[in-house]
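Below is one structure, written out as structure tokens; comments come after it.
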Amino acid sequence: MTKAFLTVVLLLSACLATPARAQDAPAPFDGDLQRLAEILGALHYLRGICNANEGTKWRNEMQALIDAETPTGDRRARMIAGFNRGYNGFQQTYRTCTPAAAVAIRRYIEEGSKISRDLTARYAN
């Protein structure tokens with residue numbers, strides 16, 4: 001399932017790469033991108049404590065999303081804040097991998113995949 005999620009995130013990154021907009025002007029999909037960023041941050045933390053041996057895989061996915069979207073100013077700050085919120089929220093709750101953490105990982109992968117598919121379907125050229 002993670003390979004499918006990564007494929008969709010990469011496809012989404014490529015599809016959402018758009019010509020430059022007015023600086024800091026919100027895109028109609030910014031809320032979804034912020035939620036996706038939060039999910040990537042949560043996965044970065046949770047997969048790390050659950051010994052997935054993925055290193056910086058989820059952080060790299062977030063960087064690929066930022067590189068593709070090329071947000072500036074407040075848009076960029078909101079995306080990064082979403083990633084950090086996802087990471088920090090679970091860091092405060094979980095110190096080790098638990099069954100609940102494993103459930104959260106599965107749910108976040110499913111939600112992230114859904115967001116990616118929906119955005120790709122709606123905004124891809």
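The values are calculated or read from the model by the stated rules, or taken from the named source; none is laboratory data. These figures come from a predicted structure and were not determined experimentally. Counting neighbours? That spans all protein chains shown, and the Cβs are built from the backbone with ideal geometry, glycine included.
Filtering the range 54-61 for residues that are closer than 17 Å to Ser116 by Cα, surrounded by fewer than 14 Cβ atoms within 10 Å (Cβ to Cβ), modelled with pLDDT under 95 and among the hydroxyl-bearing types (Ser, Thr, Tyr) leaves an empty set.
Checking every residue in the range 42-51 against the condition of being within 18 Å of Val103 (Cβ to Cβ) and in contact with a Gly (Cβ under 7 Å, 6 or more places away or on another chain) gives at least one match.
Apart from one condition, Gly55 fits all of (1) over 16 Å from Gly31 (Cα atoms); (2) in a helix (DSSP H, G or I); the exception is (2).
Taking every residue in the range 85-107 that is in contact (Cβ under 8 Å) with a residue 40 or more places away in the chain and pairing it with any residue that is charged (D, E, K, R) and in a helix (DSSP H, G or I), at least 6 positions away or on another chain, the pairs with Cβ-Cβ distances below 7 Å are Arg85/Glu38; Gly86/Glu38; Ile105/Arg47.
Listed here are the residues, each with its yes/no results for (1) crowded, with 17+ Cβ neighbours inside 10 Å; (2) charged (D, E, K, R); (3) modelled with pLDDT under 90.
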site	(1), (2), (3)
Val9	yes, no, yes
Ala17	no, no, yes
Leu36	yes, no, no
Tyr45	yes, no, no
Ile49	no, no, no
Gly89	no, no, no
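Determine if the range 104-113 includes at least one residue that is in a helix (DSSP H, G or I), crowded, with 16+ Cβ neighbours inside 10 Å and at pLDDT below 95. So far as the range 104-113 goes, no, none of its residues is in a helix (DSSP H, G or I), crowded, with 16+ Cβ neighbours inside 10 Å and at pLDDT below 95. For the range 68-78, state whether one or more residues are among the small types (Gly, Ala, Ser), farther than 13 Å from Leu46 by Cα, surrounded by fewer than 16 Cβ atoms within 10 Å (Cβ to Cβ) and touching a residue at least 12 places away in the same chain (Cβ under 8 Å). Within the range 68-78 (the criterion being among the small types (Gly, Ala, Ser), farther than 13 Å from Leu46 by Cα, surrounded by fewer than 16 Cβ atoms within 10 Å (Cβ to Cβ) and touching a residue at least 12 places away in the same chain (Cβ under 8 Å)), the answer is yes, since at least one residue qualifies.
Within the range 85-103, restricting attention to residues that are out of contact with any Phe, Trp or Tyr (no Cβ under 9 Å at 6 or more places or on another chain) and assigned to a helix (DSSP H, G or I), the residue that is farthest from Arg47 (Cα to Cα) is Arg85.
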